[in-house]
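Working notes, structure below.
The values are calculated or read from the model by the stated rules, or taken from the named source; none is laboratory data. Quantities reported herein were computed from a predicted structural model and do not represent experimental measurements. Virtual Cβ from ideal backbone geometry, glycine too; neighbours counted across all protein chains shown. Remember, those area values only see protein heavy atoms, side chains included, never the ligands or the DNA or RNA. Shrake-Rupley method; radii C 1.70, N 1.55, O 1.52, S 1.80 Å.
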Amino acid sequence: MLRKIGLHCGLIIACIVVVLPILWVVRTSLVPESMAYSSAVFPGFSGENFTGLLGENNFLTHYGNSLIVSFCSVLLAMPFAAATGYAFARFKTGGKTARFIMLATQMLPAVALVLPAFAVLRGMGLTNSLIGLTLVYAALNLPFLTWILMGFFEGIPVDLEWAAMTDGTTAWGAFWYVVLPVSLPGLAAAGVLGFILSWNEFLFAVVLSGPQTATIPVALAALQTSNGVQIGKVSAGIVLAILPLIIASHFIQRYIVKGLTFGGVK
């Protein structure tokens, strides 16, 4: 009995630690700027933070930039990640060396990659453009998505593909008509995770984007001025920034749960 009580108390404390900062940000976004640092739970209500944020600083433009870049980068990287992950899972292409090299790219610090990326994009004339940022994000997401999808494909019984090829289809046909439909939960989970990585990325965005192509993280960082941090507008921006993630997770929650456990038991 005491063990159950202690376990539940620990879970409650853990939930409070996770949820309380988010609730406090929501609270700060809904109170007047002058009362943002008040210790009162809810000293007042005001929508000035949201109206001020949306009416200034081109926030809606930056919001749209983040949506476009995050979605397009995942859409661009996903076909290559699926093909590469399937090759690694089924045909052991490149052996363990190729897998290690792909994983090692994720261990490189971002600061070591941002200047070469800037030099390449400048040579292509794609600096300060959404196209250049999308290409960089797709390249950054590719190893991550490949590694995730490789585990999903390894969890699919190879007998399904053999049965399809016995019926006359090719290896490509088995991949397209059998493997991909079965792995939709994994593809959905990988896509959402890739979207979140692109949505939250800051360093490449601040170096490679311009005033009209900046993303949400850059726009929120710009709210720190010489007069201090505009905490009310920052909180309002954070609330708006997490909305797409909440909505996406809600609508494909079933696929995320299946996808994250897919391939775990073979």
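Annotations for the structure displayed:
- Principal semi-axes in Å for the stretch 53-263 [√(5λ), Cα gyration tensor, largest first]: 37, 20, 14
- Helix 110-124 axis versus longest C-alpha principal axis of the chain: approximately 80°, rounded to the nearest ten.
- Orientation-averaged projection of the stretch 28-77 equals 4.8 nm² [convex hull of Cα atoms, one quarter of hull surface area].
- Per residue accessible area in Å² of the chain, where ligands, DNA and RNA are left out and the probe is 1.4 Å: 57
- A run of the chain free of exposed loop cleavage sites, with chymotrypsin sites (Phe, Trp or Tyr not before Pro) counted only in DSSP states other than H, G, I, E and B and at most 13 other beta carbons within 10 Å, reaches its longest extent at 46-266.
- Computed over the chain, relative contact order equals 30 percent, with contacts defined as Cα pairs under 8 Å that lie 6+ residues apart.
- Karplus (6.51, -1.76, 1.60) ³J(HN,Hα), θ = phi - 60°, over the stretch 36-42, in Hz, Gly and Pro reported as x: 4, 9, 5, 7, 5, 5, 8
- Of the two radii for the stretch 58-170, the radius of gyration is 1.09 times the Kirkwood radius, both from the alpha carbons; that is the Rg over Rh value.
- Carbon plus sulfur fraction of accessible area for the chain, probe 1.4 Å, in percent: 74
- Rg/Rh, computed from the Cα trace of the stretch 163-231 with Rh as the Kirkwood radius, has the value 1.38.
- Taking the longest Cα principal axis of the chain as reference, the axis of helix 231-251 is set at about 30 degrees.
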